[in-house]
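Asker: Handing you a structure now.
The values are calculated or read from the model by the stated rules, or taken from the named source; none is laboratory data. Treat the numbers as computed from the prediction; the structure is a model and nothing was measured. Cβ: placed from backbone, ideal geometry, glycine included. Neighbour counts: every protein chain shown. These area figures cover heavy atoms from the full protein model, side chains too; ligands, DNA and RNA do not enter into them. Shrake-Rupley method; radii C 1.70, N 1.55, O 1.52, S 1.80 Å.
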Amino acid sequence: MGRVVVALGGNALLKRGEEMTAGNQRRNAQIAARALAPLCEAHETVITHGNGPQVGDELYRMELTYSDIPPLPLGVCVAGTQGSIGYMLQQSLQNALKEHQIEREVVTLITQTIVDADDPSIKNPTKFIGQRYTKAEAENMAQNFGWIIREQNEGEWRQVVPSPLPQYIEHGKSIQTLVDHGIIVIASGGGGIPAYWNKNGNLEGLDAVVDKDLSAALLGRVIKASELWIITDVDSVSINYGSTNEKTIHEMTTDEASAYHAEGHFQSGTMGPKIEAALYFLKYHGDKVVITSIDGIAEAIEGKNGTLIRN
């Protein structure tokens, strides 16, 4: 039985244009769980997930209530969404496994990701999060909450936060021990809660976010996984995306992926980090990476869908 890390994208719980109700998220979690059950049956499995929309909603709640309820640090919001998303995925996957008569337990582990306290992004934050505002609204939010704001698109201003590179997955030994005993683990949600070791040798949280795909690749290295499955909102990777000569890539080597990335085929906010995560994973212990959608998982298992990347 091989060992696999599955990185679920934000569409695992919320599809484009859907209202973020608990019912919508639960239904999408159930769809994702049914799709993942065959993978979980055949592999020792760790699942990670995105949390961008959910954290955005937490920030918006604080905007609406800050005069009555003290706002929470961003790291606490990441921790809270790890728990809530983990709960929905854990329950949905446990039920899906039961339907397949698979006797495996599923647990959720609130996970911290260690970053470098001197990471350049901390002094120069560029990661956009949360709601979009006019300049005047954004300036008001910055004054109330101490945000750093920037214009993302013309007339659209948002908060920016650091996105330091993940250095180490805290609790990696615990995750590996659970997986060694056949337990399916949901961990490192949203890339993990960013933390660093301060001058006193103590862990301290950081108002930042960690890229979930890079964190998943690092987690795969920690537990010595052979496969990384990156689940996003497209069936396969393409080059010349959105143009008349767009071409779907069903299989490529790491050299080919690196070359396409250098040529600018993969945007920094979408497919770029996924390719970088794939290359990192395959550099350390990994045998293959599959990039596909939730609906494409079944055919990707049979080699009929998705993009396969190998050394």
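Asker: Highest mean first, how do 74-82, 105-113 rank when packing is the count of other Cβ atoms within 10 Å averaged over residues? All intermediate terms of the calculation are to be shown ahead of the outcome.
Answerer: Numbers: 74-82: 21.7, 105-113: 20.1.
The densest-packed peptide leads the list: 74-82, 105-113.
Asker: While we're on this one: In debye, nearest 20, what is the charge dipole magnitude of the chain about its Cα centre with +1 on Lys and Arg Cβ and -1 on Asp and Glu Cβ, if you could check?
Answerer: Numbers: 26 positive and 38 negative charges, 68 e Å.
Around 320 debye, computed over the chain.
Asker: Report, in deg cm²/dmol and to the nearest 500, the calculated mean residue ellipticity at 222 nm for the chain, where each DSSP H run with n ≥ 4 adds -39500 (n - 2.57) and the sum is divided by the residue count.
Answerer: Numbers: 10 runs with 122 residues, N = 311.
After summing the helix terms and dividing by the residues of the chain, the value is -12000 deg cm²/dmol.
Asker: Under 16 Å from the Cα of LYS199, which aspartates and glutamates turn up, not counting those fewer than eight places away in the same chain?
Answerer: ASP116, ASP118, ASP119
Asker: Could I ask something else about it? Using a 7 Å offset from the Cα along the Cα-to-Cβ direction at both TYR168 and ALA262, what is the distance between the two label points in nm, to one decimal?
Answerer: Inter-label distance under the simple model: 3.3 nm.
Asker: Can you send over the carbon and sulfur percentage of the accessible area for segment 126-271, probe radius 1.4 Å, protein chains only? Please list the in-between numbers first.
Answerer: Numbers: 3380 of 7480 Å².
Within segment 126-271, the accessible surface is 45 percent carbon and sulfur.
Asker: Rounded to the nearest percent, how much of the accessible area of segment 44-91 (1.4 Å probe, protein heavy atoms only) is carbon and sulfur? It would help to have the intermediate numbers written out before the result.
Answerer: Numbers: 1240 of 2050 Å².
With neighbouring chains kept in place, the figure for segment 44-91 is 60 percent.
Asker: Still on this structure: What does the charge count near GLY172 come to, summing +1 for each Lys or Arg and -1 for each Asp or Glu among other residues with Cβ under 11 Å from its Cβ? Working shown, then result.
Answerer: On the way: positive: LYS173, ARG221, LYS224; negative: GLU170.
Every neighbour counted, the sum reads +2.
Asker: Return the whole-Å distance between the Cα centroid of segment 64-82 and the Cα centroid of segment 210-263.
Answerer: Using only Cα atoms to place each centre, the spacing works out to 33 Å.
Asker: For segment 50-123, which chymotrypsin sites (Phe, Trp or Tyr not before Pro) are in a loop by DSSP, counting at most 16 other Cβ atoms within 10 Å? Don't skip to the end; give the middle numbers.
Answerer: On the way: sites: TYR60, TYR66, TYR87; in loops: TYR66.
For chymotrypsin sites (Phe, Trp or Tyr not before Pro) across segment 50-123 that sit outside H, G, I, E and B with at most 16 neighbouring Cβ atoms in 10 Å, the list reads TYR66.
Asker: Do any of LYS123/LYS173; LYS123/LYS247; LYS173/LYS212; LYS247/LYS274; LYS15/LYS173; LYS127/LYS274 go past 27 Å between their Cα atoms, and which? Intermediate results must be reported in sequence, preceding the final value.
Answerer: Details: LYS123/LYS173 31 Å; LYS123/LYS247 39 Å; LYS173/LYS212 19 Å; LYS247/LYS274 18 Å; LYS15/LYS173 33 Å; LYS127/LYS274 16 Å.
Distance filter (> 27 Å) returns LYS123/LYS173; LYS123/LYS247; LYS15/LYS173.
Asker: Here's another thing I want to ask about it. From the square roots a ≥ b ≥ c of the eigenvalues of the alpha-carbon gyration tensor of segment 220-311, which class results: rounded (a/c under 1.5), prolate (a/b over b/c), or oblate?
Answerer: oblate
Asker: Pick out, in residue order, every one of the trypsin sites (Lys or Arg not before Pro) in segment 1-84 that is DSSP loop and has at most 15 other C-beta atoms within 10 Å; say none if there are none.
Answerer: On the way: sites: ARG3, LYS15, ARG16, ARG26, ARG27, ARG34, ARG61; in loops: LYS15, ARG16.
The qualifying sites are LYS15, ARG16.
Asker: Another question, then. Given a 1.4 angstrom probe, what's the average accessible area per residue across the chain, in square angstrom? Kindly include the intermediate steps, with their values, before the conclusion.
Answerer: Working: 15140 Å² over 311 residues.
Averaged over the residues of the chain, the accessible area is 49 Å².
Asker: Sticking with this structure for a sec: Report relative contact order for the chain in percent, whole number only (criteria: Cα-Cα under 8 Å, sequence separation at least 6).
Answerer: Details: 644 pairs, mean separation 65.1, N = 311.
Reported as a whole number, the value is 21 percent.
Asker: Something else: For segment 1-148, just list the percent of Cα-Cα distances falling in each 10 Å bin from zero outward, please.
Answerer: For segment 1-148, the binned pair fractions read 10, 33, 31, 18, 7, 1 percent.
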